Protein chains: 2
Amino acid sequence: MSVTSPKGFRAAGVTAGLKPSGKPDVALVVNDGPDATAAGVFTANRVKAAPVLWSQQVLRAGIVRAVVLNSGGANACTGPQGFQDTHRTAEHVAARLTAASRQPFGAADVAVCSTGLIGERLPMDKLLPGVDAVVRGLARDGGDAAAAAIMTTDTQPKTTVKTGEGYTVGGMAKGAGMLAPALATMLCVLTTDAVASSAVLDAALREACRLTFDRIDSDGCMSTNDTVLLLASGASGIEPSPLELTAVVTEACHDLAQQLLADAEGATKDIAIEVTGAASEADALEVGRSIARNNLVKCAFFGNDPNWGRILAAIGTTAATFDPDAIDVAINGVWVCRNGAAGDDRGKVDLTSRKVTVRVDLHAGDAATTIWTSDLTTGYVHENSAYST
Amino acid sequence: MSVTSPKGFRAAGVTAGLKPSGKPDVALVVNDGPDATAAGVFTANRVKAAPVLWSQQVLRAGIVRAVVLNSGGANACTGPQGFQDTHRTAEHVAARLTAASRQPFGAADVAVCSTGLIGERLPMDKLLPGVDAVVRGLARDGGDAAAAAIMTTDTQPKTTVKTGEGYTVGGMAKGAGMLAPALATMLCVLTTDAVASSAVLDAALREACRLTFDRIDSDGCMSTNDTVLLLASGASGIEPSPLELTAVVTEACHDLAQQLLADAEGATKDIAIEVTGAASEADALEVGRSIARNNLVKCAFFGNDPNWGRILAAIGTTAATFDPDAIDVAINGVWVCRNGAAGDDRGKVDLTSRKVTVRVDLHAGDAATTIWTSDLTTGYVHENSAYST
């Protein structure tokens, strides 16, 4: 049920014809209230897609009443015309919702998300009729249809439902490539029927993203369209403490993040890189990311090769505090590197399962973190060399 | 002839049995003088191989009389024992050269370079007899044999000869993967019969590396063993101006750098990324590198896909000065992106040849630079997932 699991939300997903495949490509999530507080986190890429620029404006007021999402086109690098297309889409959604619900909606109530190929205008002659259809299709159980309509190279929809004390958080996400810090090539809409101000939602969402989406790094690439939205209807009447709400939202984001990673393009391994003994959390993150982004490390895991030397070479590129002769590395529990040199027999490492754990102990302090990544495979190269041709 | 083209040098390459393939794996270059000035540039990786730590010490005095190089093992991440192995190798070379030439050589006169798998001790029982053999094999025309003995995954040896006014610069290099700024996974020995102080050599070598090896970036990975040495015999009796010598050394390095790139693991494209209109050279370099390291961009070129959107997304991750709506991008001469949006017909881009040129105009100033990279291919993944298994 995803985004429609919490009370106060309707959703739908339809086929507008944006995708050559004829699969669903337009989704809508509507918050029927009574509240319409919201928060959003967006890509840190300075080349931002038109819908990101638009939705950032919408979020300034802390109110979102509807989110329209399309796959089949990112509307990024499309210039002023692309921004006008986004604006027109939001206006069209607002007009149709106003007509359907006999409540006044404005374009500024409508967040817009797009995903797909960069650099091409959206076919508005298909998108606007798609908006008409998706408004007609809105239903209390439309969450799954919406989740299916935002898929691009995803092999399956990603949804989550987590419950707090008397309230629910639901969510859907899409994303498979371009997973990198400062968000993945992902769109995510989270909903809750909890009562929360936009400020509380904003703090909860930022903390949840910091601990989940920001720590998956499948290919080191950062997209132009990343958007994570959190909408609250207040329909449960329950106002959880900010700490409690943050915990449930983080759970939901963690669930979705792991689904994104498991579906990363071409991946055959889900790799958790646990960095311990760091002088600071920033050091732990830098070391974890340097390993997660190292193509040679990632190729080695694809080849079931516990190549700890490449891991040390990756660590050596960072500015983190460490003594190269004091680093220990374990792969799936075998300490193959001790004191910066060969440790236990690497032949003992079993890399046949999809889940892989790399543990790095820097012996430089007490800070720790985990970064999740995947391997670099011939499948990844194939998928990303053939995507737009 | 490579390193033996300048007067005053002898070299050799032999098979010591370090490589399972039985191919040549130990090389020696000896400077017979009259001078023995030298300079070196080493990896910026903080996890440095034992031979790097050793050779950095040797270079402090600005004198190198011999360089021994082995493939078949990097002697990196091998702890104090690995350093002792390097020391012992240098001592052994010095003893054999002393015996053979009846001139006193010390271990401190001998630079050491190693390349191959990280994390394993060198088999000294094979390496030291190899040193005996390579000393016996020293010859005035041994440059090509030396160049062949330092190859790892290289498909062909890399050598160069450039001439100045009355003097010569020769060189050999190896390297195919882990090409990244702050040097590639490369070893390079340059020789000259020019007369030059170690300070002049040092300045010439640093400038040459900055403009050549530091600007190739095949896979964004930085090795533990990178070493570039420049040895001067003074045998020509000619002392060129520092500027003139720098130009010839840069020519030689450029030639070798292009050979490294052309032989990058699995690559099917040699891609020059020319960044113009940057506010500073640092900005131009940051933008060039962000494109060169972006896996999605590199996969697109493998697929002959002029995917300028991915190039813009890569530029957007930098802190360089630019307006996203003012960026122009040309691929092989076709301006597929103008003002941050679609420009000329991308169907006009011909990507069938190996040489590819990407031109990015940031319209933010007058600085420019070029970064060279290659595509990311299924061949790269295959080679690097099967390398050590």
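One table, with the values for the structure above:
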{"read-out": "Segment B:68-106: trypsin sites (Lys or Arg not before Pro) in DSSP coil with no more than 13 other Cβ atoms inside 10 Å", "value": "B:102"}
{"read-out": "Cα gyration tensor shape of chain B, rounded if a/c is under 1.5, else prolate or oblate by comparing a/b with b/c", "value": "prolate"}
{"read-out": "Distance histogram in 10 Å bins (all Cα pairs of segment B:270-386, percent per bin)", "value": "15, 49, 28, 7, 1"}
{"read-out": "All-pairs Cα distance distribution in segment A:196-254, expressed in whole percent, bin size 5 Å", "value": "4, 17, 27, 24, 13, 9, 5, 3, 0"}
{"read-out": "Gaussian network model of chain B, springs between alpha carbon atoms under 10 Å - residue of B:47, B:360, B:329 with greatest fluctuation", "value": "B:47"}
{"read-out": "Ratio of Rg to Rh over the protein assembly as shown (Cα coordinates, Kirkwood Rh, two decimals)", "value": "1.05"}
{"read-out": "Considering only segment B:42-179, percent of DSSP beta bridges that pair antiparallel, nearest 5", "value": "60"}
{"read-out": "Fraction of beta bridges assigned by DSSP in the protein assembly as shown that are antiparallel (%, nearest 5)", "value": "70"}
{"read-out": "For residues of B:40-52, the mean tally of beta carbons on other chains within 10 Å", "value": "3"}
{"read-out": "Alpha carbon centroid spacing (whole Å) that separates segment A:32-83 from segment A:105-137", "value": "11"}
{"read-out": "Protection-proxy order for peptides A:152-165, A:23-36, each taking the mean of Cβ atoms within 10 Å per residue, highest first", "value": "A:23-36, A:152-165"}
{"read-out": "Charge sum, other residues only, whose C-beta stays under 12 Å from residue B:186's C-beta, Lys/Arg counted +1 and Asp/Glu -1", "value": "-2"}
{"read-out": "Label point at residue B:124 placed 7 Å out along Cα→Cβ; residues across segment B:67-90 whose backbone nitrogen lies under 19 Å", "value": "B:68-90"}
{"read-out": "Two-site FRET efficiency, residue B:156 against residue B:133, from Cβ-Cβ distance with R₀ of 35 Å, rounded to 0.05", "value": "0.90"}
{"read-out": "Inter-copy separations for residue B:345, label at 7 Å along Cα-Cβ, nm, ascending", "value": "6.5"}
{"read-out": "Gyration tensor (alpha-carbon) shape descriptor, segment A:10-55, a/c threshold 1.5", "value": "oblate"}
{"read-out": "Three-way shape call for segment B:107-260 based on the alpha-carbon gyration tensor, with the a/c threshold at 1.5", "value": "oblate"}
{"read-out": "R0 of 22 Å, Cβ-Cβ distance residue A:282-residue A:53: FRET efficiency to nearest 0.05", "value": "0.15"}
{"read-out": "0 to 90° range, to nearest 10: angle between helix A:198-211 axis and chain A longest Cα axis", "value": "30"}
{"read-out": "Two-site FRET efficiency, residue B:23 against residue A:319, from Cβ-Cβ distance with R₀ of 41 Å, rounded to 0.05", "value": "0.60"}
{"read-out": "Among B:161, B:303, B:73 - extreme Cα towards positive end, dipole of chain B, charges at beta-carbon", "value": "B:73"}
{"read-out": "About the Cα centre, charge dipole magnitude for segment B:2-262 (Lys/Arg +1, Asp/Glu -1 at Cβ), debye", "value": "560"}
{"read-out": "Residue-averaged 222 nm ellipticity for chain A, from DSSP H runs of 4+ at -39500 (n - 2.57), nearest 500", "value": "-10000 deg cm²/dmol"}
{"read-out": "Nearest residue to the symmetry axis between A and B, taken on chain A by its Cβ, in whole Å", "value": "A:378, 2"}
{"read-out": "Residue-span extension gain [residue B:199 to residue B:344] - 0.36 nm each, minus C-alpha spacing", "value": "47.1 nm"}
{"read-out": "Positive-end residue of B:241, B:134, A:113, charge dipole of the protein assembly as shown with Cβ unit charges", "value": "B:134"}
{"read-out": "For chain A, share of DSSP beta bridges that run antiparallel, in % to the nearest 5", "value": "70"}
{"read-out": "For residue A:57, label point 7 Å along C-beta direction: distances to other copies, nm", "value": "6.6"}
{"read-out": "Angle in degrees between helix B:281-292 and the longest Cα principal axis of chain B, rounded to the nearest 10", "value": "90"}
{"read-out": "Student exercise, the protein assembly as shown dipole from Lys, Arg, Asp, Glu Cβ charges, in Debye to nearest 20", "value": "820"}
{"read-out": "Kirkwood-Stokes translational diffusion coefficient of segment B:229-278, alpha-carbon pairs, 20 °C, 1.002 mPa s, µm²/s", "value": "154"}
{"read-out": "Nearest 10 degrees, 0 to 90: helix B:79-101 Cα axis against chain B principal axis", "value": "50"}
{"read-out": "Shielding by other protein chains, A:334-340, mean Cβ within 10 Å", "value": "2"}
{"read-out": "Shortest-first distances to equivalent copies, position residue A:104, nm, label 7 Å out along Cβ", "value": "9.9"}
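Bear in mind that the values in this text are calculations on the coordinates, not laboratory data. Every value quoted in this text rests on a predicted model; they were computed, and no experiment measured them. Quick reminder, even Gly has a Cβ in these numbers, built from the backbone with ideal geometry, and neighbours come from all protein chains shown.
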